[in-house]
Structure formats: C-alpha cells, structure tokens
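Okay, so here's the structure we're looking at.
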Amino acid sequence: MKKRVLLTAVLAVTVLFGACKPYVPNELSWLTESEEIMESLEEQSEESQMPMDELMDQIESANDAASNQENGTSEDAQSGAESSKNGSTAGSSSSQNSSSSGSSSTGGSSSSSGGSSSGGNSSSSGGGSSSTGGGSSSQTATMRGVWISYLELAEFAGSSQSAFTTKIASMMKKCKQEQLNTVFVQVRPFGDAIYPSKLFPWSRTVSGQTGKALSYDPLQIIVTQAKAQGLSVHAWINPYRLMDDTNMKKVDDSYAIGKWYQSSNRSNYMVNVNGTWWLKPGNTEARNLIVNGAKELLSNYAIDGIHIDDYFYAASPSVYGDTTSQAKSYNTALVKALYQAVKSVRSSAQFGVSPAGGFLKNNSVPSSDINYLSTDLALWCRSSGYIDYVMPQIYWDYSHATQPFTMTIEKWKAFVTSSSVKLYIGLASYKYGDDIIDRQKADSVSGKASGWCLYRYAYM
C-alpha cells in the first residue's frame, strides 16, 4: 500500500512540475530519493483532488530537502521546488483583444492610453494616504500586504460590471478589516492583461474566454475600490511568461507577442520550455515591451507601484542560447529599465521584486542568484537604482530543518545592505495557521524587516 501511495505521489510531482513549473531538469530523480520530500507528499495525498495550482503550492515544501542535499540535487530542481506562487499552467490563461483599437505591433509605444475606460489619473501620487496607513508609496508605513492572484480573479471571470464591482468591493473591505494597507494584484499573468491594453491581449482571467474583451475595465474598478478603503495598489506582472501553443495561436499579430510568435524568426524573441512560451530576456525588443507595459499601467491607473515575482529564466540559460553571465546581465538590464521607467512616469511609485526566499545550505547568497533563475539580487539589494524593495518568499516555519524562518529572515536582513532598499517578507498563509503566521508577522516588523505580505488573498 505504501509503495502505491509513494508511486502516486511521484507521478503527481512529475505531472505538476511539467504543468506548473515550466522547467523539469533531468535530475528530478532526487525527489524520489529524499525521504523528507516523500513524507511531505504523503501528508498532502488528501489534497489530490485540488486544482493543479493549489497542489503545487502544497508541494512547494519540496524545497525543504532541496537546500539540505549537497549531492544528487540540482540547483535547478531546488529553485523549481522552492518557487510556489502562481504555479498553474501558463496555457490556462491567455487572450486576444478582438476589439482592440490601435493595438501596438512592436511593443514600443509607451504613450498609449491602454484603452482604459477612465484610466486613472497619471499625475496621482497613488499614495493610499488614508488613515489605514496605506501610504506605501512614501515607504514610511509598515507594509501589511496581500497578493491577489489571477486565481482569485478567475473565480468570477466573465461577470457583469455590477457583479465584478460588488465582489471587488467586498474583497477590499475585507483587506481593510484585516488591517492591511497594500494589495498586490496580478494584472498580467501570461503575457495577457486584465485591463484594456494596446500592448497585450485580453486575459481570460477576467473575461472568461480567450480573446474576449469586456465592456468595462476590471483594473480601474480594482483601483477605485482599493483607494476607497485607503489601500495602496501595486500591479503585479509576470514579465517573461507567455502561453502554450494553443493559446498563442489565438493572439492577434497586432500585438507584439502575436507578431513574434507568427514570424519566421520566432526563436529570436521567445523560447518554448515544456510546452510554454517565454520571452527571451536577451532580446531588446522583448525587454522594451515589458518596460512599456509598465509605463502603460502607471500612465493610465493611479497605482502605487510595479511588482514582479520569482519567475525569471524558466530553464538553464543554455536553453535560451545564453551563458550564465549573460542571463544575469539581461535580467539586471530589465530590472534597471523597469525601475527607471517607474520613476520616469511617477517618482513616488515603487518598484520591487519578490524572489524565491531560500538559501542553499551554508551559503549566504539566495539560491536564485546561483541557479537557473539567474537573478542578481546581490547587486539589486546592495546598490541604488534597481529596486525600492525586495520581498523574499520565506515559506517555512520556525522548526524547519534546513530553512527555519528565523535563520532565513536573519540571512535576508544581513544580505540587504542598500539603505534605499526596503526588506519585506512574503509569508505562506496558504500553508500555516494564524498561530505561526501571526508570529511571523511580528518578526517581520521587529527590526528584522519593514513589513510583510501574505500569499494569498484566498487564505487570508
């Protein structure tokens, strides 16, 4: 019986890593060799009927053993297991703006209106300055945030404007009741947009159908309702990740990603990793599209910042035709360009990164700096001009064998040395109860960091 359960768990992991985290290294066999991981999977066996993205969140604990194994564990596998946010299939959300007007085919226009129905005031300080302490744009308040992922939004996709507004208003009221001051809303999960854009196609996350435009602007409603509760709003984007072939074929070539996908030189712009297309970080046009997308958001909505998470390279840089050194430099070029773009549109707006939170055993550098993700947090967190804050996902409890919370947060505190970079902590409310999360919240504001953010709204 036990062997059958173990086999089922291993098969589940194999499927999940293929569907949820785009790159699965050949060294996946280390999963079956670790009793700690297998025991963790057995404990989660009752969750087998959960959606893929939810189960992936649970299997994030595979990182537990990854950082503790010096032999037989690839760094790629460690980071793949460690990253837990929005891990469902990239092909599950994509769209084509069938009613788009003036859609950009180059991704080079930063002056577009984005088709916003009201668009927000680009001159707004976006401060969230109410008595709730939502002024994260000034970075004077302690961060008390929550990630609102596309998974939450998809639950009422295709709703009428009235129904959508009612639901969002209720969510924002709950955030205020929970004494939060900031929401990080996933506005571009798969190279698509939950808002009318001239640069990216509509997302089925909000419309309920690939390529179907809504008659209203979901993001404007989100911003309006959040501000009504005194909450700051940060637009969370996944910069490189696109969709699978089925959905990419539905993207009109009036959009840059559609044009590139349909062109004979597609490989110059994107790479397919386990069935999902990803923009190439080394392509200047691709990076410009991402940067102009950030400008579009800031120009059309009274948001307080742009936020990117832990998805950078989806596989070894060699899969992209890049060296490790090139990969880090390309990611750095994007991060710096995004920072500059944010400040050029609204100097008070913030730009931050939420990387995987783990450190390899006996290493003082975050794992994503030395594995295939190819970040350069050692530069971004120790120099000015790259990010305003870093929000590592520290998704472990205090008794964890290899990544205990206290040790990990202390490592991050020592790691972030730039006075211009705030340290916030991403907490796994999906994984632990209030007893642990409340303690971690307290530790995240007691001199170790400047605040916290919960993943995610559904588990708040």
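Readers should treat all values here as calculations from the given coordinates under stated rules, not as data from a laboratory. Because the structure is a prediction, the values reported are computed rather than measured. Backbone-built Cβ (ideal geometry, glycine too); neighbour counts: all protein chains shown.
Report the calculated FRET efficiency for T406 and V319 (r = Cβ-Cβ distance, R0 = 45 Å), to the nearest 0.05. It would help to have the intermediate numbers written out before the result.
Working: r = 37 Å, r/R0 = 0.81.
My answer for the efficiency is 0.80.
Under a crude label model (7 Å from the Cα following the beta-carbon direction), how far is Q179 from S383 in nanometres?
Simple spin-label model gives 4.0 nm for this pair.
When we measure straight from the Cα of K413, which lysines land under 30 angstrom away, once same-chain ones fewer than 8 places off are left out?
Those lysines meeting the cut-off are K21, K85, K176, K328, K336, K343, K361, K422, K431, K441, K448.
Note down the nm distance, to one decimal, between modelled labels 7 Å out along Cα→Cβ at Q262 and at K361.
Here the modelled spin labels are 5.2 nm apart.
Strictly greater than 13 Å: what percent of every Cα pair in segment 341-381 meets that?
Values: 489 of 820 pairs.
Of the Cα pairs, 60 percent sit more than 13 Å apart.
Under a crude label model (7 Å from the Cα following the beta-carbon direction), how far is D435 from F156 in nanometres?
Inter-label distance under the simple model: 3.4 nm.
Sort 303-315, 269-281, 170-182 by the packing proxy (mean of other Cβ within 10 Å over each peptide's residues), most packed first. Walk me through the intermediate numbers first.
Values: 303-315: 25.7, 269-281: 22.0, 170-182: 18.0.
The densest-packed peptide leads the list: 303-315, 269-281, 170-182.
For T246 and S215, what does the FRET efficiency come to when R0 = 22 Å and r is the distance between their Cβ atoms, rounded to the nearest 0.05? List each step's numbers first, then the result.
Details: r = 26 Å, r/R0 = 1.18.
E(calc), rounded to 0.05, equals 0.25.
When the dipole is taken about the Cα centre of segment 330-460, and only Lys, Arg (+1) and Asp, Glu (-1) are charged at their Cβ, what size is it in debye, to the nearest 20? Display every interim value, and only then the final one.
On the way: 13 positive and 9 negative charges, 65 e Å.
In debye, rounded to 20, segment 330-460 gives about 320.
Going 7 Å from the Cα of Q326 toward and past its Cβ, which residues in segment 252-286 have a backbone nitrogen under 19 Å from where you end up?
From segment 252-286, the list is 265-273, 278-286.
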